[in-house]
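Following: one structure in structure tokens, then a few remarks.
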Amino acid sequence: MNLIALGIVSFSGILLLAFSLIKRKSPPKFRIIPALTRLYRAIGLSVEDGTRVFIHLGPMSLLTPRGGAPLAGLGMLRHLTERTSLSDRPPIAAAGEASLALLAQDTLEAGYEAAGAGEFYQPLSGRLIGLTPFSSAAGAMSIIRDEDISASILIGHFGPEAALMAEAAERENTFLLGASDDLSSQAALYASAQEVLIGEELYAAGAYLGATASHAASITVQDILRWLIILGLLAGAALKLFGMI
Amino acid sequence: MRTVAVILAVLTGLIVLLGYFFPVLSGVQTVVLSWTIILAGTATVVGVFSLILVHFNKVTRREKGSVYSVLLLMALFVTFIFGITLGPDDPNMQLLVNAIIVPVESTLMALLAVTLLYAGVRLLRRRTDLMSVIFLLTAAFMLFASATLPFGEISLLNNWIRPWVQQVLALGGARGILIGVALGTLTTGLRILFGADRPYGGK
């Protein structure tokens, strides 16, 4: 079993490296995800309005197997910071887990420096807002209500408490995009958020906001692996049907 | 300095990953993970100081909602004093936690039920498409089929249609989404391992 897992990881790694080299030569093309198009517009409006963008990375520790979603969120935060760093009001990044909050601060600083606006970076715009899912949701609700937010993004691992934050954004009549790797949260966000990313769309968000060759390559690799899994499932079903396994 | 950080991050990531596949490296993997836990604990202390600073600034600038910041700072200070003097296992300290944190989180959970119901009602106003109709109809059907009805259960719903929706449609869809999430996690992890994405800073 370990060897199969090692094989999958190695195969994916080789594919990722190969496609990263190939994609450098041609600009990446993606299918349109309407939620991300509207997010792009909302960010532009917030910069013009002089209001803030708020990004919440969730309460999940990076030390757990669910750490992938907050890592994707950090990638998105980096692109957002570069785009909004020259706005009158800096973006706010929050997390419900301490090490993630520190990484959010670091990512914000890196984004400002990359945009040539390092002097505008404010350390307290990256915050820890609670240490449990519900306390961090409560902290996020108060930020959405009190800090002149016009666009909020929930990207990471959330539970159904994400609906409370979506409701807070709805009350303030502001834009909210929800993206979680948890199924119950995806259902809650589908019902309550203005825009929602389902399943692997969460991991594509960074690529849509600031595509690099490695982002484009990772989306291609995901597609290839998905087709391999589909073929494997169909082959397994056919073998079972004919009594061969 | 940035290069050193990248090299350290990639090497540490590789050691932890390979530790799962090669038992020879599992000892080093355990040591690295132990260091990580210590660092995460330290990060919590730093995070709490950051939380105090944010709310202290809100109070001194008399920003909107600063009353809640005063409450938060007072609660944090009182809990800290009790925690230091009594210790976390003291029954009074446990009572403080169980009498405040647990009921507050339960209240939020109860609010969530109302919020979701209200969101369901508003869904068609916000997003009028086929998927929203299917979403609402499925939610209503599952509630109807799971609830205890005054005239007893409807056998066709409870024993045939509901299990089929749950175990075929819902489970199939859920597995599809989870496979997508797993592939996304894998490629995100690999990008970080190769140093293409650096969430630990760097231009």
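Just so you know, all these numbers are worked out from the coordinates, no wet-lab data involved. On a predicted model such as this, the values are computed, not experimentally measured, just so you know. A quick note on method: Cβ atoms are made from the backbone with ideal geometry, for glycine too, and the neighbour counts reach across all protein chains shown.
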key: Förster-model FRET efficiency, 22 Å R0, B:THR107 and B:LEU143, C-beta, rounded to 0.05   = 0.45
request  = Using only atoms on other chains, find how many Cβ atoms lie within 10 Å of each Cβ of peptide B:100-113 and report the average.
outcome  = 3
request  = Rounded to the nearest 0.05, what FRET efficiency do B:ILE15 and B:LEU169 give with R0 = 35 Å and r taken as the Cβ-Cβ distance? Could you check?
outcome  = 0.25
Label-point separation, B:PHE56 to B:MET1 (7 Å along Cα→Cβ), nm = 2.5 nm
query = Can you tell which of A:GLY13, A:ILE43, A:GLY126 lies farthest toward the positive end of the dipole of chain A, using +1 and -1 charges on the Cβ of basic and acidic side chains (Lys, Arg; Asp, Glu)?
reply = A:GLY13
note = Given A:148-159, B:178-189, A:33-44, B:118-129, the highest-first ranking by average Cβ count within 10 Å works out to A:148-159, B:178-189, A:33-44, B:118-129
ask   = Applying 1/(1 + (r/R0)^6) with R0 = 22 Å to the Cβ-Cβ distance of B:GLN94 and B:TRP35, what FRET efficiency is obtained, to the nearest 0.05?
value = 0.10
query = So what's the gap between the Cα centers of the range A:75-112 and the range B:12-68, to the nearest angstrom?
reply = 16 Å
Exposure proxy ranking, count of Cβ atoms within 10 Å, fewest first, for B:ILE161, A:ILE143 = B:ILE161, A:ILE143
key: Size of electric dipole in chain B: Cβ of Lys, Arg +1 and of Asp, Glu -1, about Cα centre, debye, nearest 20   = 920 debye
Label point at A:PHE30 placed 7 Å out along Cα→Cβ; residues across the range A:172-214 whose backbone nitrogen lies under 17 Å = A:177-181, A:195-214
message = Run the simple label-point estimate for A:LEU86 and B:VAL48 please: 7 Å along Cα→C-beta, distance reported in nm.
response = 4.2 nm
query = Given only helices, namely DSSP H runs of n ≥ 4 each adding -39500 (n - 2.57), what is the per-residue ellipticity at 222 nm of the protein assembly as shown, to the nearest 500 deg cm²/dmol?
reply = -22500 deg cm²/dmol
ask   = Counting only complete DSSP H runs, which helices of chain A cover 15 Å or more along their long axis at the Cα atoms and score a mean Kyte-Doolittle of 1.6 or above?
value = A:2-23
